[in-house]
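> If you scroll down you'll find the structure; I have some questions about it.
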Amino acid sequence: MLTRRERTEVLVESGPALALELAGLVEAAAPAEDIVPAHQGLVMCQVRETARNSRFYLSEVLVTESRVRIGEADGLGVLMGTDAAHARALAVIDAAYAMDPAPACLAELERRVEEARAAMFERVAAQDALTYVSRVEFDEMSGQDMSVQAVVK
Amino acid sequence: MGYVAVSGGEQAIAASLELLERERVAGGRALDPALIIEAMPHAVEQVQSEGSVWAPEVAAIALKQASGSIEEAVFLVRAYRSTLERLYTSRVIDTGEMHVSRHISAAFKDIEGGQILGATRDYSHRLINFDLSEETDADVRAARAVIDERLDEAAEAFYGVAETTPLDCVPKVCDYLRQIGMIRPVAIDDTEPVDITKTPLFTPAPRSVILQALSRGLTQAVVAIGYAAIRGFGISHPTVGELRRGSVPVTIDAPGTDPSQASADDAYYLGALPVCEVESLIANDEVTETGEHVNALDVGYGLVTGSDESKAIAMSVLDHSLRVDDVRYPTQDQEFVLYHIDGVEATGFISHLKLPHYVTFQSKLDAALRSMNHAEGQKEDGSRAAQL
């Protein structure tokens, strides 16, 4: 099973359509109660800089957050941006993964998220391929290797 | 001079605002904020960087409302930001996990993963393309199709022959220099950062304050002071060891978990934040604990949201300058740099000068007139005495 970090990345990066469809599957069997309706807020991003290995606050990001409950299970949906429906769908799916016993649709959710993850990797690889076209190739002119690896050696 | 009651001021102000709004709508055409994001991404990025909040839709609306004034749009975004609740602080972002779209070094010809130029204007001719004045939506779509086809063909040819490193784990140039001891290893410093959005700026400032202030500083001010530091009003002359542009994942821990115990696998992913990071190398004479002088490289650090490379490089220069904190050079004086690079502070103060200063100015004028009359009186007395 995917970790929550992996699952939420797929559900955010794949756009709202997938999350809304999967949340629909969950709610067809067990409707979710809105605990905190979708609303906007901020998340402060802290970064570790690499000169002194210290931490600092880079910037805030605008997010939309939603909290729902299905039975005894709470679900949280947060994503960058202002898409309230997407945030709620994420919360419903999160609650489905927290339900005990697990809902019948969980296997289907997992399969669809895995499928979307593979598609996400394909999209990223296609974009990376375009980026790599701009890589500079160096030919050795005088036999002197000026690569960082050679200098380190 | 006494205080004067103002009559009709409210009406005049209302009319002034009407005139301003009339200027905005005078063209009779509405601009879709989504189009601003697509067509003017760098302007939107600058508003977000200086506004200190990443919110493209909000920044685009602010630019629209401000009729394209970056200064005004940043003010609007900062004001909106102050109305929102801070829900979470992210897990510590490791820029080593950046998914890079551009990766270059001015220090080494060949770096791991290769010099990846990405999308850059560095090699473009700065000639205005007047054909763009006639460009239609159909032209834009056709141009994209042609470019996509050319890049796809090139990508296919490239992938058959070249080794590639995944672009989400590109090694850092400085790590190699640490291996050979040219950059001193530094232990992890988990001092809790100070947040200048909640704490007034003070000097001497801790490192977290310096970096946050520079990162959200007025872009042109950071670049100008960074330039001054190199040109002769400071001691920094860096080499860009590495410049990388891309996006970093923003994640939060599950609510209620202890951050020191929380697992990265259990975190929530919120999205990808575009950033530009620079590690500048500056030759340094370090004194060891035994008093021995050794040559080493110091690293100046720059990180900004968005893709402004000039700002990130200038930030790295100023990071190094301000660590010296030697007030003989203004670029090394924390108070001089940090108090003057905030866009809202600087433009707010300059802007206030045009607001009524009737009483203070009258006072200055009275004093100047009295002084002038006194001097003239003395001159007249002097010439009368000379005649006698």
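> What does the convex hull of the Cα atoms come to per residue for the stretch B:67-222, in Å³?
Roughly 245 Å³ of hull volume per residue.
> Grab the Cα-Cα distance for B:R231 and B:A264, subtract it from 0.36 nm times how many residues apart they are, and report the gain in nm with one decimal.
That pair, B:R231 and B:A264, stretches by 7.5 nm at full extension.
> For chain B, modelled as a GNM with alpha-carbon contacts under 10 angstrom, which of B:I70, B:I350, B:I128 fluctuates the most?
Maximum fluctuation in the GNM of chain B, among the listed residues, is at B:I128.
> Test of understanding: in a Gaussian network model of chain B with alpha carbons linked when under 10 Å, which of B:D319, B:D175, B:D366 would top the mean-square fluctuation ranking?
B:D366
> Continuing with this model, one more query. Please state the relative contact order of chain B as a whole percent: Cα pairs under 8 Å, 6+ residues apart?
After rounding, I find 17 percent.
> What share of the DSSP beta bridges in the protein assembly as shown is antiparallel, in percent to the nearest 5?
In the protein assembly as shown, DSSP labels about 85 percent of beta bridges as antiparallel.
> Quick one: divide the alpha-carbon radius of gyration of chain B by 2.2 N^0.38 Å and tell me what you get. Before the final figure, lay out the partial values.
Working: Rg = 27.3 Å, N = 388, 2.2 N^0.38 = 21.2 Å.
Against the empirical 2.2 N^0.38 Å value, I get 1.29 for chain B.
> Only loop residues by DSSP count here, and only those with at most 10 other Cβ atoms within 10 Å; note down the chymotrypsin sites (Phe, Trp or Tyr not before Pro) in the stretch B:1-86 that meet that.
Details: sites: B:Y3, B:W54, B:F75, B:Y80; in loops: B:Y3.
For chymotrypsin sites (Phe, Trp or Tyr not before Pro) across the stretch B:1-86 that sit outside H, G, I, E and B with at most 10 neighbouring Cβ atoms in 10 Å, the list reads B:Y3.
> Hey, another quick one. Read phi for every residue in the stretch B:99-112 and hand back ³J(HN,Hα) as whole Hz from Karplus 6.51 cos²θ - 1.76 cosθ + 1.60, θ = phi - 60°, with x for Gly and Pro.
8, 7, 10, 7, 7, 9, 9, 9, 8, 10, 5, 10, 10, 4
> When the Kirkwood radius is taken over all Cα pairs of the stretch B:220-375, what Stokes-Einstein diffusion coefficient follows at 25 °C and 0.890 mPa s, in µm²/s?
Roughly 124 µm²/s, to the nearest whole number.
> While we're on this one: Taking N as the number of residues in the stretch B:1-145, what is its alpha-carbon radius of gyration divided by 2.2 N^0.38 Å?
1.52
> Can you tally the net charge around B:E50? Count Lys and Arg as +1, Asp and Glu as -1, for every other residue whose Cβ sits under 15 Å from the Cβ of B:E50.
-3
> I would also like to ask the following. Which Cα, out of A:V68, A:V133, A:A102, lies furthest along the positive dipole direction of the stretch A:53-135 (beta carbon charges, K/R +1, D/E -1)?
About the Cα centre, the residue reaching furthest to the positive side is A:V133.
> Past the 31 angstrom mark, what percentage of all C-alpha to C-alpha distances in the protein assembly as shown do you count?
So the portion of pairs separated by more than 31 Å is 58 percent.
> Starting from the Cα-Cα distance between B:R24 and B:E97, subtract it from 0.36 nm times their residue separation and give me the gain in nm to one decimal.
On the way: separation 73, 0.36 × 73 = 26.28 nm, distance 4.28 nm.
Additional length available on full extension: 22.0 nm.
> Using the basic label-point model (7 angstrom from Cα toward the beta carbon), what is the A:E6 to B:R126 distance in nanometres?
4.9
> Loop-only check: which GluC sites (Glu not before Pro) in the stretch A:35-98 are DSSP coil with at most 10 other Cβ within 10 angstrom?
Values: sites: A:E49, A:E60, A:E65, A:E72; in loops: A:E49, A:E72.
Counting only loop positions with at most 10 other Cβ atoms within 10 Å, the GluC sites (Glu not before Pro) in the stretch A:35-98 are A:E72.
> Turning to a different aspect of this structure: State which stretch of chain B is the longest one without any exposed trypsin sites (Lys or Arg not before Pro), exposure meaning a DSSP loop state and at most 11 other Cβ atoms within 10 Å.
Segment B:199-327 is the longest.
> In percent, how large is the relative contact order of chain A, given Cα pairs closer than 8 Å and 6 or more residues apart?
21
> Check cross-link reach from B:K354 to the lysines: straight Cα distance under 22 Å, and skip same-chain residues fewer than eight apart.
B:K364
> From Cα coordinates alone, what are the radius of gyration and Dmax values for the stretch B:11-76 in angstrom?
According to the Cα coordinates of the stretch B:11-76, Rg and Dmax are 12.7, 39 Å.
> Here is a further query. Any idea how far the Cα center of the stretch A:59-127 sits from the one of the stretch A:21-57, in Å?
The distance from the Cα centre of the stretch A:59-127 to that of the stretch A:21-57 comes to 10 Å.
> Another question about this same structure. Quick one: longest stretch of chain B between exposed loop GluC sites (Glu not before Pro), exposed meaning at most 15 other C-beta atoms within 10 Å and loop per DSSP? Mind showing how you got there, number by number?
Numbers: sites that count: B:E85, B:E135, B:E163, B:E289, B:E292.
In chain B, the maximal stretch lacking such sites is B:164-288.
> Take the Cα radius of gyration of the stretch A:4-126 and divide it by 2.2 N^0.38 Å, with N its residue count; two decimals is plenty.
Cα Rg divided by the expected 2.2 N^0.38 Å: 1.17.
> Suppose each label sits 7 Å from its Cα in the direction of the beta carbon; what would the B:E153-B:E85 distance come out to in nanometres?
Each label point lies 7 Å from its Cα, and together they span 5.6 nm.
> Using 7 Å Cα-to-Cβ label points, what is the B:A145/B:S363 separation (nm, one decimal)?
7.1
Where a number appears in this text, it was derived from the coordinates with a stated rule and is not lab data. These numbers were taken from a predicted model, which means no experiment stands behind them. Positions of Cβ are backbone-derived with ideal geometry, glycine not excepted, and every protein chain shown enters the neighbour counts.
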